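Please read the structure below before turning to the comments.
The values are calculated or read from the model by the stated rules, or taken from the named source; none is laboratory data. As the structure is a computational prediction, the values presented were derived from the model and not from experiment. Here the Cβ positions follow ideal geometry from the backbone for every residue, glycine too, while neighbour counts run over all protein chains shown. Side chains are part of the model used for accessible areas, which takes the heavy atoms of the whole protein and leaves out ligands, DNA and RNA. Shrake-Rupley method; radii C 1.70, N 1.55, O 1.52, S 1.80 Å.
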Amino acid sequence: MERVTVVGGGLAGSEAAWTLARLGVPVRLYEMRPKRMTPAHATGHLAEIVCSNSLGGEGPTNAKGLLQAEMRRAGSLVMEAAFRARVPAGGALAVDREEFSQYVTERLSRHPLVEVVREEVAEIPEGLAILATGPLTSDALSEAIRRRFGDPFLSYFDAASPIVLYESIDLEKCFRAGRYGQEADYLNCPLTEEEYRRFYQALLEAEEHTPHEWEKREFFEACVPVEELARRGFQTLLFGPMKPVGLKDPRTGKEPFAVVQLRQEDKGGRMWSLVGFQTGLKWPEQKRLIQMIPGLENAEIVRYGVMHRNTYLNAPLLLRETLEFKEEEGLFAAGVLAGVEGYLESAATGFLAGLNAARCYQGLKPVAPSEESMLGGLVRFLASANPQGFQPMYANWGLVPPVEGRMAKREKREAMYQRGLRAFEDWLASLGMLAPT
């Protein structure tokens, strides 16, 4: 039986394979782990999460909230897994990493139309195929793509935040709160001005891992390491990951000078990550700096921050809004390789690539959702952005047309959310893909 090939078992490849199988199309899903690991992954699970455990903010005023709603209406496996494995995170959808990836792996492995092959793919597959190899695409496949399409790659560094053990946190020096009175799902470590000055200076002096010669130091602005932010000036962290705005210390009734937030990483609440503290510092330096933070003086670090290469295509030069290669009918890209940033965005493009590969299998033309939907706006951006200096894009309200009329910002966002979701549901219904609520 002829099968559609999906290369890469991350969130994008997993969602693509699931979508194909749901539509009755046999799939061969290649994942090289655990035979060949990457610098970032720790297991052989499909859809393993390696950076933040959050899929973004929820609700009708949040751009990622709209994309989450669209994916749920599309019958997304990633969203199904996320809701089964979710952990408290205020207004964000965060998951227990292990439970999440195990659920996706089990569902795909048991599907009768999905064949999971644990091998590295070094060449572009023949026939209908989806490339979803993610930010750590192997050198062999990268070279194969270069041979086929020229030199379409751009690279940047991605960095993950450290995680500490809950029982090692001094709770007497921290307080639970969410910004502006939201659910108290975060632990907050307040710093005085003097404590911040000492921390800031130590961060400037900390020693980084030395990147390989072939790795170009180019950061994606949504995931800049904390040490890089510090180099941009004394105030930068105070307007970024250490901003105290909207957080009152109940012991003083005032906002601290600076704050470090920790977010729950697992359902049991045993592990907490430092929010926005992506870093590529050497591990001893990470420990020294973390233990300078009030409440974390004796913190036990269960996972250090890591920095690794991310590779992605120059999508405007290579891809249509359907995620099909312009010069190669029947070949699609999805996920970070296709030029998106974020777990949710990767899964969403995996869904669309899977849908369109299935349509090609059935003799139909590829399609894209309305530009009023978040997914539609995202893939249209990929296909039409300025290729000069192109960087990965994540869900945001700038991707969809504004609503007409005078109204408050919150009302506009809610109107855009409702309009986008209706448009996406209508598009799904026209394709017979609308999942029950």
Does A81 satisfy being assigned to a strand (DSSP E or B) and under 27 Å from R270 (Cα atoms)? no
Filtering segment 381-437 down to residues that are closer than 20 Å to A334 by Cβ and more than 21 Å from the chain's Cα centre (by Cα), which residue is surrounded by the fewest Cβ atoms within 10 Å (Cβ to Cβ)? S384
In this structure, does R303 turn out to be under 19 Å from E205 (Cα atoms), of a type in the set (D, E, K, R) and either out of contact with any strand residue (DSSP E or B) (no Cβ under 8 Å at 6 or more places or on another chain) or open to solvent by 30 Å² or more (accessible area, probe 1.4 Å) (or both)? no
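I need the full set of residues from segment 154-201 which are of a type in the set (G, A, S) and in a helix (DSSP H, G or I), in order please. Walk me through it before giving the result.
Looking only at segment 154-201, we keep the residues that are of a type in the set (G, A, S), and these are 155, 159-161, 168, 177-178, 181, 184.
Result: S168, G181.
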Of everything in segment 61-89, what is in contact with a Lys or Arg (Cβ under 7 Å, 6 or more places away or on another chain) and open to solvent by 40 Å² or more (accessible area, probe 1.4 Å)? Give them in sequence order. T61
Look at S168 and say whether it is among the polar types (S, T, N, Q), farther than 16 Å from V226 by Cβ and in contact with a strand residue (DSSP E or B) (Cβ under 7 Å, 6 or more places away or on another chain). no
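Take V245 and tell me if it is more than 30 Å from R84 (Cα to Cα), under 19 Å from the mean Cα position of the chain (by Cα) and either β-branched (V, I, T) or open to solvent by 40 Å² or more (accessible area, probe 1.4 Å) (or both).
Against the criterion (more than 30 Å from R84 (Cα to Cα), under 19 Å from the mean Cα position of the chain (by Cα) and either β-branched (V, I, T) or open to solvent by 40 Å² or more (accessible area, probe 1.4 Å) (or both)), V245 does not qualify.
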Restrict the check to segment 427-435 and report whether at least one residue is part of a helix (DSSP H, G or I), of a type outside the set (A, V, I, L, M, F, W, C) and at pLDDT 95 or above. yes
